[in-house]
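Engineer: Let me begin by handing over the structure; questions about it come next.
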Amino acid sequence: MIYVKGLSKSYGDNQVIKNIDMHIAPGEKVVIIGPSGSGKSTFLRCLNLLEQPTSGSIVFDGQEITDPKADINEIRRHMGMVFQHFNLFNNLTVLDNITLAPIKLKIMTKKEAEAEAMRLLKLVNLEEKASAYPAQLSGGQKQRIAIVRSLAMKPKVMLFDEPTSALDPEMVGEVLDLMKKLADDGMTMAVVTHEMGFAREVATRVVFMDEGIIMEENNPKDFFGNPQNERLKSFLAKVL
Ligand code: ADP
Ligand code: MG
């Protein structure tokens, strides 16, 4: 689904992503962990070109998206992204938040988009919030709406950047449960998170990023049970 080759990203003299290679197969759930400032967000943002890579190539679904001629908006349609801070439109209802992009991009008629939105809202037990505004929702509800909004575009892959980090502890579970459901349904996912339980349970592969490189990657059992790199060992000792 995604081939990353020799990806680098610098901000001025600061090289934050250093020659990363990664392959994400269809249906894979790659969980990325690592210390703050190690380049996790930058890497994820390069994947859907929210950041322009300094060098390297990314092939998504058979198309080289780092080609200057690639249609970025067309590519982003197929890559859902969920952030720490929800990024809902506060002046729009839940229903309008979800249907805005599919209608604007003429992927669906208003009627179709609203029917699809209600189907998705039902799936997350939030159909009674369709006409509510974001300010009337809890953090966990907002994040589940943000996920549903991405799903309405029928993405081929979902990117999550610390989706539960801004939530009160009691709301983390409902968001992780929705992500697990997506994973079970076969969604291809790349998830940056500090939730080690989620990584253990859901990841097909866990990646440790430090100082802009992939220091170690493995299946969750060996990654947590038999870490090799000293930096990973000390990181795990702090977070587990
Ligand atoms: P992480 O998500 O792992 O915490 P980031 O990808 O956010 O790490 O940041 C990696 C490094 O890149 C940090 O040193 C950060 O200060 C720097 N950085 C991130 N975004 C920018 C930017 N827009 N301009 C300049 N430096 C940035
Ligand atoms: Mg980050």
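The values are calculated or read from the model by the stated rules, or taken from the named source; none is laboratory data. Source: prediction; values computed, not measured. Note that we place each Cβ from the backbone using ideal geometry, even for glycine, and neighbour counts take in every protein chain shown. In case anyone asks, the SASA skips ligands and DNA or RNA and just uses the protein heavy atoms, side chains included. Shrake-Rupley method; radii C 1.70, N 1.55, O 1.52, S 1.80 Å.
Engineer: Per residue of the range 29-38, in order, report the coupling 6.51 cos²θ - 1.76 cosθ + 1.60 (Karplus, θ = phi - 60°) as ³J(HN,Hα) in whole Hz, putting x for Gly and Pro.
Structural biologist: Per residue, the Karplus-derived 3J(HN,Hα) values read 10, 9, 9, 10, 10, x, x, 4, x, 7 Hz.
Engineer: Cα centroids of the range 60-108 and the range 110-144: how far apart, whole angstrom?
Structural biologist: Rounded to whole Å, the Cα centres lie 17 Å apart.
Engineer: For the range 103-150, with every protein chain kept in place, what is the accessible area per residue (1.4 Å probe, Å²)?
Structural biologist: Using a 1.4 Å probe on heavy atoms only, each residue of the range 103-150 averages 55 Å².
Engineer: Excluding residues on the same chain fewer than 8 positions from residue 221, give the aspartates and glutamates whose Cα lies under 14 Å from its Cα.
Structural biologist: Cross-link targets: 201.
Engineer: May I have the pair-distance distribution P(r) for the range 5-108, computed from all Cα-Cα distances with 10 Å bins from 0 and rounded to whole percent?
Structural biologist: Histogram of Cα-Cα distances, whole percents per bin: 12, 39, 33, 15, 1.
Engineer: Based solely on its DSSP helices, what 222 nm [θ] is calculated for the chain when runs of n ≥ 4 H residues each add -39,500 (n - 2.57) and the sum is averaged over all residues, nearest 500 deg cm²/dmol?
Structural biologist: -11000 deg cm²/dmol
Engineer: So what are the ³J(HN,Hα) numbers for the range 193-207, from phi and the Karplus equation (6.51, -1.76, 1.60; θ = phi - 60°), rounded to whole Hz, Gly and Pro as x?
Structural biologist: Computed from phi, the couplings for the range 193-207 are 7, 9, 7, 5, x, 4, 4, 4, 7, 10, 5, 8, 8, 10, 10 Hz.
Engineer: Grab the beta carbon distance between residue 135 and residue 156, set R0 = 35 Å, and tell me the FRET efficiency rounded to 0.05.
Structural biologist: Computed FRET efficiency for residue 135 and residue 156 comes out at 0.65.
Engineer: Another question, then. Given q = 0.15, 0.17, 0.18 Å⁻¹, what are the Debye log10 I(q)/I(0) values for the chain, with equal point scatterers placed on the Cα positions and solvent ignored?
Structural biologist: Reported log10 I(q)/I(0), two decimals: -1.06, -1.31, -1.41.
Engineer: Antiparallel as a % of all DSSP beta bridges within the chain, to the nearest 5?
Structural biologist: 55
Engineer: Accessible area, 1.4 Å probe, largest first: how do 129, 29 sort?
Structural biologist: Ranked list, largest accessible area first: 129, 29.
Engineer: I need the calculated FRET efficiency for the pair residue 61 and residue 184, taking r as the beta carbon distance and R₀ as 22 Å, to the nearest 0.05.
Structural biologist: 0.50
Engineer: To the nearest 10 Å², what's residue 36's accessible area with a 1.4 Å probe?
Structural biologist: That residue has around 120 Å² of solvent-accessible surface.
Engineer: Right, here's the next one. Check which residues have an amide H placed less than 5 Å from residue 157's amide H, if you skip close sequence neighbours.
Structural biologist: 80
Engineer: Still on this structure: Ordered by residue, what ³J(HN,Hα) values in Hz, to whole numbers, does the range 89-94 give under the Karplus form 6.51 cos²θ - 1.76 cosθ + 1.60, where θ = phi - 60° and Gly and Pro are x?
Structural biologist: 7, 5, 8, 10, 5, 4
Engineer: What base-10 log of the normalised intensity I(q)/I(0) is obtained for the range 100-240 from the Debye formula, alpha carbons as equal point scatterers, at q = 0.12, 0.15, 0.22 Å⁻¹?
Structural biologist: -0.58, -0.83, -1.39
Engineer: Rounded to the nearest percent, how much of the accessible area of the range 1-67 (1.4 Å probe, protein heavy atoms only) is carbon and sulfur?
Structural biologist: The nonpolar share, carbon plus sulfur, comes to 44 percent.
Engineer: I've got another one for you. How much length is gained on full extension from residue 18 to residue 52, taking 0.36 nm per residue of separation minus their Cα-Cα distance?
Structural biologist: 10.8 nm
Engineer: Express the carbon and sulfur contribution to the solvent-accessible surface of the range 114-162 as a percent, rounded to the nearest whole number, probe 1.4 angstrom.
Structural biologist: Carbon plus sulfur share of accessible area: 49 percent.
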